[in-house]
Amino acid sequence: VRAWFNYTGEPDAGELLTSYPTLRFDLGAPATVTETQLRASFALNNNSGVPAMLDISSYSDPPDLRIEELRLQPEVPLPDEDVQVIARIVNEGDGRARSFSVTFTANGESLGTSEGSLDPEQALTLSTDWTATLGDHTLTAELVDISPSDADESDHTAELTVSVVDVIDTQPPLLFITTPYQNQIVSGLVSVSGTASDDWVVRRVEARVSPGEWEVADGTTAWSWEWNTTQDLNGRYRVEARAWDGFNYSSLATVEVEVTNDGANRRPTVRLTVDPLEVPVGEPVSFSGNSSSDDSGISAYAFDFGDGETTGWGSQSWVLHTYTVPGSYVTTLEVEDDEDVRSSAPASVTVTVLEQALNGAPQALIALPLPGTQLTEGSPLTLSASGTSDPDGDQLLFVWSSDRDGLLATTTEMSIEVQLTAGAHTLTLVARDPAGATGEATVQIEVQSLQRDDDSLIPAPTVWMVVAVLAGVTLLAARRVQSRRG
């Protein structure tokens, strides 16, 4: 198809003239609904213009596109922040929109154009980037170049007014997961949803199946996120969500669920137990994965102690580990079943390693005898260390001695009995712990010698022997005299 036209004018040198010649012709539509391109070429004398390519569609039913929503992500931008301008397009007609474009502007200046196509009763979102600046702004989106022609062109434009202000927010947002609930059994497509709030504004909500990548959820104060569990193995999973207000993340909201899709292998469930949770540096800690479970059996365990040391994958379900530096360590365990399927997320426990405490010396205390006690020689004397203590709780060794009689006893008993010789005694108790630290206490007592009633000294054993011999000789002489008389 070719057409000629004449142009009459006297332009000056360098002057730009614009003309809009029109070429009309009939193009017979094919029997089937299709789309093709029309090429238009232009020439002025011997000069060729830039060809134009036009999309031409044949159709039985036209589309009916409109911009249902124009919004920002995040909804409330900060100064100099890169945000997305998002337009949601719906096709309410009976025919397919084979192609169309959406042009975005901010304060009358172009932000870019996005293209798409849309079936009847379907929706599509198109977006472009915008750097927010302080002040009030008018953002627009317009549907253009719809092929085939749209049934109603009155709703092809949407407008959004945005105010960008400078703000400092120090309080993190709050976020809750309302569905699914803790320990719920799920399958197929799962909708994870919840609520979020902030003293200023919730910028966005992110969700994931730990330890996967964070994904932006739909909505903010009321949000949702879709999880297709058929892409995962059966087993226990931890779903996490967090909110962002532009300055701070909220605390993690978590919920654990059980995925049970028909015909899928079950992912093993990992459990980690640690004993003790608080330990002095240099003392061993026991880590066990014996509580982990799987439908077909667990074949391998991998411990990470949080200090740079790991076990790697092995069949040992428990290990001992010693920390050499004080601090807090997050230890983790992953497990693998006999089909080489691993747990969805590691189990973690925090171990606190304390500085090695300095050994404290015992505090010795003599409960008995009391100071100034007097007793008779040969009488039993109770020595009691009751009240003696050790700050570390160690078992103590008690060493009793006398400045008169020397070492009396070495024992772990709190109380013992001894006998002392006559005279004044200074008793000493030394309490010793396993590390060799000692505590000492002393007490003074007196042991008196045995005496008769008249307070005279009782004869020594040699005197009693002489008296006995003399009595024996006298008795023998008397018997001889009586014999002679008879």
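What follows draws every value from the coordinates through simple rules; no lab data is involved. Keep in mind that this is a model prediction, so the values were computed, not measured. Positions of Cβ are backbone-derived with ideal geometry, glycine not excepted, and every protein chain shown enters the neighbour counts.
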Candidate values (1) 46; (2) 59; (3) 73, label of the one derived for percent of Cα pairs over 32 Å apart
(3)
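Below 8 Å, C-alpha to C-alpha, sequence gap of six or more: please give me the relative contact order for the stretch 65-164 in percent.
Values: 259 pairs, mean separation 34.2, N = 100.
Computed over the stretch 65-164, the figure is 34 percent.
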I want the antiparallel fraction of DSSP beta bridges within the stretch 273-354, as a percent rounded to 5.
90 percent
Which value in Å does the Kirkwood hydrodynamic radius of the stretch 220-330 take, with 1/r averaged over all unlike C-alpha pairs and then inverted?
17.3 Å
Order of His137, His321 - criterion: other Cβ atoms within 10 Å of each residue's Cβ, fewest first:
His137, His321
What would the Debye equation give as log₁₀ I(q)/I(0) for the stretch 65-164 at q = 0.16, 0.22 Å⁻¹, counting only Cα atoms as equal point scatterers?
-0.63, -1.04
Expressed in nanometres to one decimal, the distance between label points 7 Å along Cα→Cβ at Asp403 and Glu81 is 8.4 nm
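In Å, what Kirkwood hydrodynamic radius results for the stretch 374-448 from the alpha-carbon pair distances? Walk me through the numbers on the way to the answer.
Details: mean 1/r = 0.0773 Å⁻¹.
Every distinct Cα pair counted, the radius reaches 12.9 Å.
Using just the helices of the chain, give the 222 nm mean residue ellipticity in deg cm²/dmol: DSSP H runs with n ≥ 4 each add -39,500 (n - 2.57), and the total is spread over all residues, rounded to 500.
Working: 1 runs with 25 residues, N = 486.
-2000 deg cm²/dmol, from helical runs alone.
Going by average Cβ neighbours within 10 Å, how do the peptides 89-96, 237-244 rank, with the highest at the top? Each step should come with its number before you reach the end.
Working: 89-96: 19.4, 237-244: 21.8.
Put in order of decreasing packing, that is 237-244, 89-96.
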Neighbourhood net charge (11 Å Cβ-Cβ; Lys/Arg +1, Asp/Glu -1) for Asp199:
-3
Any chance you could list P(r) for the stretch 112-182, counting all Cα-Cα pairs in 5 angstrom bins from zero, rounded to whole %?
3, 9, 15, 16, 12, 12, 12, 11, 8, 3, 0
If contacts are Cα pairs under 8 angstrom and at least 6 residues apart, what is the relative contact order of the chain in percent?
8 percent
Could you please rank Glu213, Glu121, Glu35, placing first whichever residue has the fewest other Cβ atoms within 10 Å of its Cβ?
Glu213, Glu121, Glu35
Percent of all alpha-carbon pairs of the stretch 75-117 at distances over 15 Å, whole number, is 58 percent
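Using r as the Cβ-Cβ distance of Asn46 and Glu109, and R0 as 35 Å, what FRET efficiency do you calculate, to the nearest 0.05? Could the numbers behind the result be given before it?
Values: r = 38 Å, r/R0 = 1.09.
Between Asn46 and Glu109 the formula returns 0.35.
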Mind sorting Trp318, Trp223 by how few other Cβ atoms lie within 10 Å of their own Cβ, fewest first?
Trp318, Trp223
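Given 0.36 nm per residue, what is the gain on full extension from Ile56 to Asn248 after removing their alpha carbon distance, in nm? Display every interim value, and only then the final one.
Details: separation 192, 0.36 × 192 = 69.12 nm, distance 5.14 nm.
In short, 64.0 nm is gained.
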Charge tally for neighbours of Ser127 with beta carbon under 13 Å away, counting Lys, Arg as +1 and Asp, Glu as -1, is -2
log10 I(q)/I(0), Debye, Cα-only the stretch 174-259, no solvent, q = 0.14, 0.20, 0.25 Å⁻¹?
-0.43, -0.83, -1.22
Give the Rg (one decimal place) followed by the Dmax (whole number) of the stretch 1-151, computed from C-alpha coordinates and expressed in Å.
20.5, 56
The stretch 223-253 and the stretch 47-81: distance between their alpha carbon centers, rounded to Å:
33 Å
